[in-house]
Amino acid sequence: MKSSNILLIVILLLLAGIVAYMFMGDSSKNKRTFRSSLVEIDTSKVTIIKLLNPKEGKKMSLEKTDGQWWVKNDTFKELADPSKIAGLLTGILSIKPKSLTSKNKSTWAEYQVDAEQATQLVIEEHGTTSLDLMIGKFDLKQPPVPAAAPQGGQQMPPQQARPMPFSYVRLAEETEVYTVDGMLGMALNRQPTDFLLPPPVETETADSISIE
């Protein structure tokens, strides 16, 4: 084989290696660089749900004892509606990180995910904490402006797009701050009475019914 052909092959191999390296580098940049989930709980094993709001001086716990759910705080203890607990847990499971906002502890106060401002959600499974989430402030993201109609095309009347709410959250034992969909702090700012069983339906007896 001529030396010129050998040199050409070497050059082609080098070029192929460079292209492959660049492709691998680009693909690694596109990989997700933050955790894909925040909530990893088994709803069938949950025994305690705590909601703590130090900024407003509120705290409440939902506790499962002998198969029954109770809602309680310092001055209140009543049976809770299990269907409302199930709905709460379903909502908690839907909390998923959309983006990584910060890796710096100095930003906690700005996003209100510090211990002094955050609403704290704690979930325990038979004495083991399976979730400890600090929920900060919420904000509104303006949707993208629709593209203009092509020249000569029919111009559709503009539609007012609704802003999309999102919240800042942080796992209590971690530094990173994430964004999640929805106004999470407001959704979890609940009263103990929100979880009570519905009042019994009163039925009138025949003696109490009057016909005029």
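The numbers here are math on the coordinates, done by the rules we state, and not lab data. All figures in this text were calculated on a predicted structure; none of them were measured in a lab. In this analysis, Cβ positions are derived from the backbone assuming ideal geometry, glycine residues included, and neighbour counts consider all displayed protein chains.
Ratio of the stretch 33-82's C-alpha Rg to 2.2 N^0.38 Å, to two decimals?
That works out to 1.44 for the stretch 33-82.
Could you calculate the FRET efficiency of Leu197 with Glu56 from 1/(1 + (r/R0)^6), where r is the beta carbon distance between them and R0 is 25 Å, rounded to 0.05?
Once rounded, the FRET efficiency stands at 0.45.
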